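The values are calculated or read from the model by the stated rules, or taken from the named source; none is laboratory data. Because the structure is a prediction, the values reported are computed rather than measured. Virtual Cβ from ideal backbone geometry, glycine too; neighbours counted across all protein chains shown. Side chains included, ligands, DNA and RNA excluded: accessible areas come from the protein's heavy atoms. Shrake-Rupley method; radii C 1.70, N 1.55, O 1.52, S 1.80 Å.
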Amino acid sequence: MKKVLGLLLITGFLAGCALNLVTGRKQLNLVPESELQMMARTEYGKFLTENTVLSPGSNQDAAMVARVGAKISGAIKKYYDAKGQTSILEGYTWEFNTVSNKEANAWCMPGGKVVVYSGILPITQNEAGLAIVMGHEIAHAIAKHGNERMSQAMVQQMGGVALQVGLAQQPQKTQDLFLMSYGVGSQLGAMLPWSRQQETEADKYGLIFAAMAGYNPQEAIAFWQRMSSAGGASPPEFLSTHPSDANRLKKLNQFMPEAMKYYAGS
Ligand SMILES: [Zn+2]
């Protein structure tokens with residue numbers, strides 16, 4: 001019986017492994033993106049009611065987040081339209097919100113639901129630094145990295161049931177896994193770091209998106225250096241999900257010439 005179950009799981013794994021158009025890599029995406037987008041709308045709304053949202057009309061930081069978001073989402077649309085890959089953004093209805101929160105964090109749920117915590121702004125320091133962070137988080141969502149993590153968690157922790165079954169039978173656990181998969185933090189506590197490969201992909205496309213939106217991608221180097229030195233005894237939430245090391249800076253420098261071409265053309 002165990003053997004059969006193992007075989008079923010493996011078959012499910014293979015069936016759920018799809019070639020990702022953004023990354024060009026085979027990824028485990030067991031959950032339909034449309035279902036994750038639906039769950040994201042619910043969780044995003046819940047998060048906004050439970051936190052203090054700053055208004056772009058009266059708060060300069062929130063206005064900056066909205067401005068960067070509009071430019072980056074416009075650039076991304078242009079990028080995939082030009083490649084004839086408009087389907088990558090299917091179901092996206094962008095939202096960019098800033099919450100008053102001393103944590104240094106930012107994330108993007110599927111479907112383009114972005115939150116920036118005010119606590120990260122002293123580290124991003126300027127609009128281009130913010131564009132680096134938002135470009136990076138949006139790249140995680142577009143590359144379906146959250147789906148990959150959610151799929152792995154559903155297999156490892158819930159026996160590979162479908163999302164809808166998980167939501168019906170174990171709503172709290174399913175919700176926690178979702179929040180953890182997207183770097184939101186949850187009642188489960190420990191934050192889950194993105195894999196090195198996911199980080200490299202998000203850095204690469206994040207740089208391109210920020211550059212196309214008119215922001216100097218070279219700001220990424222200074223931002224990640226500031227983020228690393230913000231570590232210490234109680235590292236920012238963002239650093240626990242995005243471990244920074246010399247390898248990241250090396251890769252960023254490798255991607256820079258390509259990103260600079262987009263910057264020059266923006
Ligand atoms: Zn990341």
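Candidates are the residues of the range 22-74 that are modelled with pLDDT under 95 and in contact with a Ser or Thr (Cβ under 8 Å, 6 or more places away or on another chain); the one that is surrounded by the most Cβ atoms within 10 Å (Cβ to Cβ) is Val31.
When Thr98, Thr86 are checked against the criterion of being away from the ligand (no atom under 15 Å from the Cβ) and crowded, with 24+ Cβ neighbours inside 10 Å, Thr98 stands alone in meeting it. Among the residues of the range 145-152, are any touching a Cys at 6+ places or on another chain (Cβ under 8 Å) and in contact (Cβ under 8 Å) with a residue 24 or more places away in the chain? Looking through the range 145-152, none of the residues is touching a Cys at 6+ places or on another chain (Cβ under 8 Å) and in contact (Cβ under 8 Å) with a residue 24 or more places away in the chain. Within the range 238-253, residues that are free of Cβ contacts under 8 Å to residues at least 40 places away in the same chain and outside any helix (DSSP H, G or I) have Cβ atoms under 9 Å from residues that are small (Gly, Ala, Ser) and open to solvent by less than 60 Å² (accessible area, probe 1.4 Å) in these pairs: Ser244/Ser228; Ser244/Gly231; Asp245/Ser228, counting only partners at least 6 apart in sequence or on another chain. Of everything in the range 154-174 that is surrounded by 20 or more Cβ atoms within 10 Å (Cβ to Cβ) and closer than 29 Å to Pro235 by Cβ, the residue that is nearest to the ligand (Cβ to nearest atom) is Met154.
Taking the range 238-266 as the range and being exposed (fewer than 15 other Cβ atoms within 10 Å of the Cβ) and closer than 21 Å to Tyr79 by Cα as the test, the residues that pass are Gln254, Pro257, Glu258, Lys261, Ala264, Gly265.
Going by what's in this entry, would Pro235 be described as surrounded by fewer than 24 Cβ atoms within 10 Å (Cβ to Cβ), within 16 Å of the ligand (Cβ to nearest atom) and not in a helix (DSSP H, G or I)?
Yes: the conditions hold for Pro235.
Looking across the range 183-197 at every residue that is open to solvent by 10 Å² or more (accessible area, probe 1.4 Å) and within 12 Å of the ligand (Cβ to nearest atom), the one that is farthest from Ile208 (Cα to Cα) is identified as Met191.
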